[in-house]
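The values are calculated or read from the model by the stated rules, or taken from the named source; none is laboratory data. Given the structure is predicted, the values throughout are model-derived calculations rather than measurements. Heads up, the Cβs are rebuilt from the backbone with ideal geometry, glycines too, and the neighbour counts pull from every protein chain shown. Heads up: the accessible areas ignore ligands, DNA and RNA and are worked out on the full protein's heavy atoms, side chains in. Shrake-Rupley method; radii C 1.70, N 1.55, O 1.52, S 1.80 Å.
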Amino acid sequence: MEVKKWTAILLCIILCAGSIPIPCNAAAKKTSGADGNGNTWVYNVNTKTLTFSGNKGIENYIFDGHSPEPGWYVWHDKAEHIIVNDGVTGIGQWAFYLFVELKTVVMADSVTRIGYGAFSACRNLKSIRLSANVTTIEREAFYRCAKLEHLTLPHTLKTLGTFGSCSKLKEVIIPDSVSRTYKALFVDCTSLSKIKLPKGMKEIKQHDFANCKNLRTLEIPEAVTTVSMSAFSGTKLKKIKLPKNVTTIKKGLSYRGKVFAVNYDFELPTKNLRLIEIKSKKVKSIAKGSFSGLSSKVVVKVPKSRKKKYTKILRESGLEKKVKIRTL
């Protein structure tokens, strides 16, 4: 039995030494390779830098628990810097998801698209040099990048994905080139105090600014026609002005609860709010519960010529009698 035992141990040692080409835990991690699109990657162990070169987009990572990880992913817990060289045209979905030590990203101006969840949960990411030619940033591309403080968005950008839970992000200027955004745009960005929205923006969506605890002012573009009131819950806004082209006011919640008070799923009281101005004379519908949870200190102002009509639909939507309705 002893002979058999030591024979088994010796065989294991030989296998791990590489005499037979079977992988083992002792094998060194690869420091270079190619993705499915033909781009190459190199990892510098000394500088902890991952560099990509090529002429196509970095391949998508299918994050489903079954698909194999891309070759560079073995460095997801070590890499601190990512460089995307000139020629690479895009960043695939989930490509750098959970790169927990990542601090900086520099991408060449050849990059035009950043995929869904590409840098999501990179909790130490502080600095991003975006391509000057990016047109698309997909949903959750930078979700939960908790240390990201500054971000300059290029004027080529057309689609802007969500930046939820970027808790150190303080200021965002969205260029007027942006024509598409996703819901919950800046949800839980608790340090965000300044947001400039694009002039052509058509809709304020569900939870766009919810729980932005330091947001005190916000100018809604005149082009906006649809507003979900849950976008403003949990902010420090004193005044919400719905512009002259608004036709539809939504509640914007997928669960039961009060928009401006403590909800079932989130505690988002909006304590500073004192005034809601509905500047539009075109409002056709107000969803039930859209103004739920407002304190008696809040005044809703409406156009004088629409006071009777708007009072009726506001009360029917659930606006409590303790909230006064006055004219502009």
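Solvent-accessible surface of protein heavy atoms, probed at 1.4 angstrom with all chains present, puts Ser305, Ser292 in the order Ser305, Ser292, largest first. Dividing the Cα radius of gyration of the chain by 2.2 N^0.38 Å, with N the residue count, gives 1.29. Expected output is a single nm value to one decimal: the length gained when fully extending between Ser285 and Asn245, i.e. 0.36 nm times separation in residues minus the C-alpha distance. What is it? Full extension of this stretch gives 13.1 nm more. Placing Glu203, Glu219 in order of accessible area, with the largest value first and a 1.4 Å probe, yields Glu219, Glu203.
Step through the table entries Lys147/Lys238; Lys56/Lys168; Lys199/Lys250; Lys196/Lys308; Lys126/Lys288, compare each Cα-Cα distance with 31 Å, and write down the pairs that go over it.
Lys56/Lys168; Lys196/Lys308; Lys126/Lys288
Computed from the C-beta positions of Thr47 and Ala261 and an R0 of 41 Å, the FRET efficiency is 0.20 to the nearest 0.05. Potential lengthening of the chain between Thr217 and Ser67 amounts to 49.5 nm, from the contour at 0.36 nm per residue minus the alpha-carbon distance. Within the stretch 149-266, the ratio Rg/Rh, alpha carbon atoms throughout and Rh by Kirkwood, equals 0.94. Rolling a 1.4 angstrom probe over the chain with all protein chains present gives an accessible area of which 53% lies on carbon and sulfur atoms.
Each eigenvalue of the Cα gyration tensor of the stretch 32-111, multiplied by 5 and square-rooted, gives one semi-axis; in descending order these are 17, 16, 11 Å. With a simple spin-label model that places each label point 7 Å from the Cα along the Cα-to-Cβ direction, the separation between Asn85 and Ser296 comes to 7.0 nm. If you wrap the tightest convex hull around every Cα atom of the stretch 270-326 and split its volume per residue, you get 73 Å³.
Potential lengthening of the chain between Lys147 and Lys199 amounts to 15.9 nm, from the contour at 0.36 nm per residue minus the alpha-carbon distance. For the stretch 48-62, backbone nitrogen atoms closer than 17 Å to the point 7 Å from Ala28 Cα along Cα-to-C-beta are found at 48-49.
Per residue, the chain exposes 51 Å² of solvent-accessible protein surface, assessed with a 1.4 angstrom probe and all protein chains in place. Computed from the Cβ-Cβ distance with R0 of 56 Å, the FRET efficiency linking Val106 to Lys308 stands at 0.40. Find how many whole Å separate the alpha carbon centroid of the stretch 48-74 from the alpha carbon centroid of the stretch 139-165. If we compute the Cα centre of each part, the gap is 20 Å. Would you mind telling me the antiparallel percentage of the DSSP bridges in the chain, rounded to 5? Of the beta bridges lying entirely in the chain, close to 20 percent run antiparallel.
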